[in-house]
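All remarks here apply to the structure that follows.
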Amino acid sequence: MAKKPALDYSLPLPVRRALRKLGQDIRDARLRRRLPAAMVAERASISRTTLFKLEKGEPGVSIGKFATVLFVLGMGDRLGELADIRRDEHGLALEEERLPKRIRPRRRRGPAETP
C-alpha cells in the first residue's frame, strides 16, 4: 500500500491551499490540451512521479520544475508576472507614503560660497 505524504504543517494554510490550487490548475491545463502525463514529464525533463506531485501541489517540488511545466504547457510567461511591481498594490501604497510632501528648490551657491 502506498504511503501518503505527510502534510507540511510548517507552511501557512493559505500557502498550502495556493499550491494545491496551482497544481490542480496545471493538471486541468494539461488535460484541456489532451497531453498525456508521460509526454509533459518528458518534455519538462522530470519523472511522471514528480509531475504528479506537482499536480497535487506538494511543497517539495522546486519552483524551477513548476516553471518548466508551465513553459511546456505554453503558460511560462505568466510566472514572470506573479510579483510584477505594477500589480503590487501594497508595495506601491507604501512607496507613495514615502514620497516627499513638497520639494524645495536647491539653493544656488554664490561666488563667495563656492569651495
Net charge dipole size for the chain [Lys, Arg +1 and Asp, Glu -1 on Cβ; Debye, nearest 20]: 140 debye
Computed log₁₀ I(q)/I(0) - Debye formula, equal Cα scatterers, no solvent, the stretch 33-115, q 0.18, 0.27 Å⁻¹: -0.84, -1.26
Fully extended contour minus Cα-Cα distance, from Phe71 to Arg109, at 0.36 nm per residue: 7.9 nm
Listed residues Arg48, Arg20, Arg87, most fluctuating in the chain (Gaussian network, C-alpha, under 10 Å): Arg87
Karplus-derived 3J(HN,Hα), 6.51/-1.76/1.60, for each residue of the stretch 54-62, Hz, glycine and proline x: 4, 5, 8, x, 5, x, x, 7, 5
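With a 10 Å radius around each residue's Cβ, average the other Cβ atoms per peptide and rank 38-46, 78-86, highest first. Don't jump to the answer; show the numbers that get you there.
On the way: 38-46: 16.3, 78-86: 8.9.
Final packing ranking: 38-46, 78-86.
Bear in mind these aren't lab numbers, they're just calculated from the coordinates by the rules spelled out. Note that the coordinates shown come from a computational prediction; the quantities given were computed from them, not determined experimentally. Note: ideal-geometry Cβ built from the backbone for every residue, glycine included; neighbour counts use all protein chains shown.
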